[in-house]
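All remarks here apply to the structure that follows.
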Amino acid sequence: CCATTTVVREHAAALCLSCISLEHAYQDVVPPPEREVKPQAAVLQVAVFHPNKRSRKRQRLAQEYRVLGYQKLTALRDAITCIADHAIAGEFSETPSAVPNLRAKDIYKSAYFFIENVFYNDMRYEDNRDLSREVREWKQNKHEGKGSYTTQKMEDVKFNDLHIRLGYPYVFCHQGNCEHLIIFKDLRMFHVDDCRDEGLYPLVVDRYRFKRQLCTVCATFTAKWVTYNDQLAEESPSFFCDLCFQALHYKDKTKLAEFEAYPFVDMGVFNIAAV
């Protein structure tokens, strides 16, 4: 808990100026009456961190949002961006032109928030499943039913309904096992300097800015392909833009060597320009 608090404090100073600039950027937005933020609305500030498979590795902020108390948890769930949602399954060295438009988020839509011993599952779609079931069964068996976790549907719960602790670590899980630490950093009432358009909430306060993965050949364009065990490359993995990938690896649509090729989604697509 102390380590988590330290992470939040370290980010606070760095985010201060960007938060202020965003406030002023939206301050003059005049929404239509039906999209005006409701009077006496609560405003929560939520930090979402990158998945961390190593417990000792420093947590790195991914995004930070402001949400309205009367919004449902699904609003935040839909706003969170993660590279895992944009992955394309499959190896396409034989058919590079047949890459489907479907992303992981279009196929695997299940997710949950774990907040104060409650799993809030996203069950909006017919093929969604309860990702928390195995964890709850483990808890039930290990502790013989004592202190069991409970579940609710994410789409039925508003932020106003939650019992939270500021600065305390909670979990957002999607794509089966992609887990993000989330922290509620602030809770206050809506004031005149806030963005008045509820359609812009969850409002992005800050987002980690990634360095683009450039093509290893031209070093100009963003990589669109990653290859492994590539006889035509000096290292594995190697990254290529679409133009260099096609020119180096194919002639008349025929492979020139042995390699594995996968579509690559650069993390830089999540960058936003500073306001």
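The figures follow:
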item: Theoretical gain in end-to-end length, Cys218 to Asn52 [0.36 nm per residue, Cα-Cα removed]; result: 56.6 nm
item: Stretchable slack from Arg209 to Val135, in nm (0.36 nm times residue separation minus alpha-carbon distance); result: 23.3 nm
item: Solvent exposure ordering (accessible area, 1.4 Å, most first) of Ser132, Ser236; result: Ser236, Ser132
item: Cβ-Cβ FRET estimate between Leu243 and Lys153, R0 fixed at 45 Å, reported to 0.05; result: 0.45
item: Heavy-atom accessible area order for His174, His163, His50, largest first, 1.4 Å probe; result: His163, His50, His174
item: Accessible surface of Met189 - all protein chains present, 1.4 Å probe, nearest 10 Å²; result: 100
item: FRET efficiency, 1/(1 + (r/R0)^6) with R0 45 Å, evaluated for His191 and Leu232 via beta carbons; result: 0.15
item: Modelled label reach - Lys255, point 7 Å along Cα→Cβ, segment 193-228 residues with backbone N closer than 16 Å; result: 226-228
item: Whole-number percent relative contact order across segment 92-168, with pairs defined as alpha carbons under 8 Å at least 6 apart; result: 27
item: Exposure rank, largest accessible area first [Val30, Val135; 1.4 Å]; result: Val30, Val135
item: Positive-end extreme of charge dipole, segment 143-275 - chosen from Cys195, Val157, Tyr250 (charges on Cβ); result: Cys195
item: Area of Phe114 that stays accessible when all protein chains are in place (1.4 Å probe, Å², to 10); result: 40
item: Solvent accessible area, Å² - Tyr201, 1.4 Å probe, full protein context; result: 20
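The values are calculated or read from the model by the stated rules, or taken from the named source; none is laboratory data. Just so it is clear, the structure is predicted and the values come from calculations on it, not from any experiment. All Cβ positions, even for glycine, are placed from backbone atoms using ideal geometry, and neighbour counts span all protein chains on display. Remember, those area values only see protein heavy atoms, side chains included, never the ligands or the DNA or RNA. Shrake-Rupley method; radii C 1.70, N 1.55, O 1.52, S 1.80 Å.
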